[in-house]
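Take a look at the structure below.
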Amino acid sequence: MSNSSGAEPDTLRCLLNGPPGVGKSSVGRAVAASLGWHFIDVDATVEAEAGATVAEIFARDGAAVFRVRERMALQRALQNKRVVIAVGGGALLEPSTRHEALRCALVITLGASMSTLLERLSAGPERPLLRGGQQALEVLLDERRVAYAEAHASVDANGPIEVVASAVLAMVRRPMPMVMPLGERTYPVHVGPLNGLAREVATRTTSVLVTDATVEQHWGAVAKRALGGRPALVVLRPGERSKTLHSVARVWKAAGTEGADRSVTIACLGGGVVTDVGGFAAATWLRGVPYLSIPTSLLAMVDASVGGKTGIDLPEGKNLVGAFHQPSLVWIDPEVLATLAPRHFRAALAEVVKIAAVRDEPLLDWLEAHATMLGSRITPSAFAPRGVVESMIRRAVQAKIDVVAEDERESGVRALLNFGHTIGHALEAGAAYRALHGDCVAVGMRAELSLGEALGVTSRELRQRVVRLIDALGLARSVKADGTIAEAALRFDKKREKGVFRVALAAGAGVGVVAEVSSRELMLALRTVNEIR
């Protein structure tokens with residue numbers, strides 16, 4: 001289960017990871033001294049507790065016992081604040097340990113050339129895992145490649161300690177991003193002023209900027225300054241009806257006109273439609289180029305911008321053509337919500353309720369505590385750092401990160417994020433995509449909560465609790481939709497197989513299940529929705 005309740009940024013812990021001989025302990029001590037923080041060397045802690053060296057523990061107790069000791073020492077170290085921690089790469093081989101570290105500390109991987117590592121290792125103590133020399137080191141580096149890649153940042157540690165420590169200090173002093181840990185495709189999710197994007201993209205070439213007419217008017221100039229250069233501009237008509245192959249072709253044409261090769265980046269500035277169109281174009285241009293996600297709607301911030309789902313609509317249904325293609329960076333500036341229409345803000349809260357209801361009970365509790373404030377539409381002045389809206393965004397994004405890190409391709413728990421969407425997408429089609437996505441999801445959740453109760457999956461108390469939250473947030477109670485079109489779209493839902501639908505249902509507070517539902521049961525649930533005509 002996600003711990004998004006602890007998703008606030010915290011740069012009061014810095015964890016240095018990296019291969020043997022890279023200088024984690026020396027750099028860590030220097031960084032801690034400069035900051036006036038404590039320094040903890042996990043290997044030294046284990047040795048002190050065991051009364052033996054690392055080599056002796058390996059020889060006496062074996063590698064498995066050492067790893068248990070190492071993991072426990074790391075977990076205790078992470079309970080501290082104002083601390084720099086040096087840890088061996090083996091401690092972070094277990095994904096759950098690694099991902100927990102990413103949530104509560106700034107994780108920096110130190111790297112160095114093979115020759116540098118071998119030179120430093122030759123002057124140090126015996127390393128049990130490296131008795132085979134360079135070949136053993138190469139094997140170890142390959143085994144830990146994912147653990148080293150899943151970090152907030154990496155630092156070249158070939159130089160003197162003071163130079164490396166200075167680079168680490170600069171990162172500690174910046175706002176800490178969240179991280180989507182996907183091995184060598186890991187990327188940061190920043191929350192902060194849009195102009196801060198310039199530092200992060202300074203080494204990139206952005207050839208195409210995809211946005212829509214409304215967003216371009218408000219934020220286009222700021223984004224172009226942050227991106228630098230003069231990217232080709234593709235401006236879409238606002239709304240779901242732009243999520244078509246024609247829009248994707250416009251991005252392809254702009255990339256071709258600019259002579260874009262695989263080194264370029266496509267930037268997506270806008271809501272979910274822009275993210276889907278630009279991301280799908282990036283997935284398919286030259287079989288895949290990087291893209292930046294710069295969401296400007298609450299819906300895109302808490303859902304569409306993170307996780308790599310891209311797609312377009314067809315007349316037969318929503319998101320029927322698409323690809324999984326992760327962005328290389330996400331930049332969220334809550335201040336841009338000042339120009340978002342209140343009804344768009346309110347409708348997007350449905351996506352936060354969705355993930356809370358089936359995945360994150362602490363977030364569900366938090367939403368209930370803040371429902372009155374959120375439902376009344378926060379004023380722009382409340383978008384200050386650590387304000388309630390920013391806190392909600394961070395919590396929802398961290399919950400989404402936790403799900404995608406566990407199941408990127410929707411073969412397991414990620415399917416839970418379709419809660420409210422099976423019926424919601426059908427309603428969107430029945431409304432000719434004129435209804436807001438969040439409104440349709442809110443009504444879809446109401447219907448699917450009732451469906452879950454009828455099937456014995458959702459308790460009456462849970463259904464009532466989530467519906468009370470939906471009402472307190474002022475979310476839609478109904479959507480005007482053509483029933484014939486909605487039912488036809490439902491039959492084309494991509495989650496169906498041989499006449500059976502796999503539908504996400506709420507089974508407990510913050511707990512969801514994917515249940516097999518017959519076409520008849522789902523059609524009956526759809527027909528219970530008000531204003532289907």
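All of the numbers you see were taken from the coordinates with simple rules; none came from a lab. These figures come from a predicted structure and were not determined experimentally. For neighbour counting, all protein chains shown are included, and Cβ atoms are generated from backbone atoms with ideal geometry for every residue, glycine included.
For region 38-180, report the translational diffusion coefficient in µm²/s to the nearest whole number, using Stokes-Einstein at 25 °C, 0.890 mPa s, and a Kirkwood Rh over Cα pairs.
Taking Rh from Cα pairs, D becomes 151 µm²/s.
So what is the calculated 222 nm ellipticity per residue for the chain, using -39500 (n - 2.57) for each DSSP H run with n of 4 or more, over all residues, to the nearest 500 deg cm²/dmol?
-14000 deg cm²/dmol
Could you state, as a whole-number percent, how many of the C-alpha pairs of region 142-194 are farther apart than 14 Å?
That fraction is 61 percent.
Towards the positive end of the charge dipole of region 4-176, with charges on Cβ (+1 Lys, Arg; -1 Asp, Glu), say which of 137, 121, 40 has the farthest Cα.
With unit charges placed on the Cβ atoms, the residue in question is 40.
If you put +1 on each Lys and Arg Cβ and -1 on each Asp and Glu Cβ, how big is the dipole of region 102-230 around its Cα centre, in Debye rounded to 20?
340
Give me 425, 38, 344 sorted ascending by neighbouring Cβ count inside 10 Å, so fewest comes first.
Fewest to most other Cβ atoms nearby, the residues stand as 38, 344, 425.
Which FRET efficiency value, to the nearest 0.05, do you get for residue 249 and residue 485 by plugging their Cβ-Cβ distance into 1/(1 + (r/R0)^6) with R0 = 22 Å?
It comes out at approximately 0.30.
Round to the nearest 0.05 the FRET efficiency obtained for residue 527 and residue 138 when R0 = 51 Å and r is the Cβ-Cβ distance.
After rounding, the FRET efficiency stands at 0.25.
Where does each of 99, 421, 152 land when they are ranked from fewest to most other beta-carbon atoms within 10 angstrom?
Least crowded to most crowded, the residues run 99, 152, 421.
Note down the nm distance, to one decimal, between modelled labels 7 Å out along Cα→Cβ at residue 498 and at residue 158.
Going from the residue 498 label point to the residue 158 one covers 5.7 nm.
Is the C-alpha gyration tensor of region 319-475 telling us rounded, prolate or oblate? Criteria: a/c under 1.5 is rounded; beyond that, a/b larger than b/c is prolate, otherwise oblate.
Rounded.
Treat each spin label as a single point 7 Å out from the Cα along the C-beta direction, and report the residue 38 to residue 314 distance in nm.
It is 5.9 nm.
For Kirkwood radius over Cα pairs in Å, one of (1) 24.6; (2) 25.9; (3) 32.5 was computed from the structure I shared and the rest are decoys. Which label?
Structure-derived value, by its label: (1).
Once the dipole of the chain is set up with Lys and Arg at +1 and Asp and Glu at -1 on Cβ about the Cα centre, which of 326, 86, 423 lies farthest towards its positive end?
So the residue furthest toward the plus end is 423.
On full extension of the chain, what length is gained from residue 237 through residue 213, given 0.36 nm per residue of separation minus the C-alpha to C-alpha distance?
Result for the pair: 8.0 nm of gain on full extension.
Hey, got the dipole for region 190-340? About the Cα centre, +1 on K and R Cβ, -1 on D and E Cβ, debye to the nearest 20?
My answer is approximately 360 debye.
Relative to the Cα centre, what is the charge dipole magnitude of the chain, using +1 at the beta carbon of each Lys and Arg, -1 at the beta carbon of each Asp and Glu, and rounding to the nearest 20 debye?
1000
Taking the Cβ of each residue in 40, 470 as the centre, tally the other Cβ atoms inside 10 Å and list the residues starting with the fewest.
40, 470
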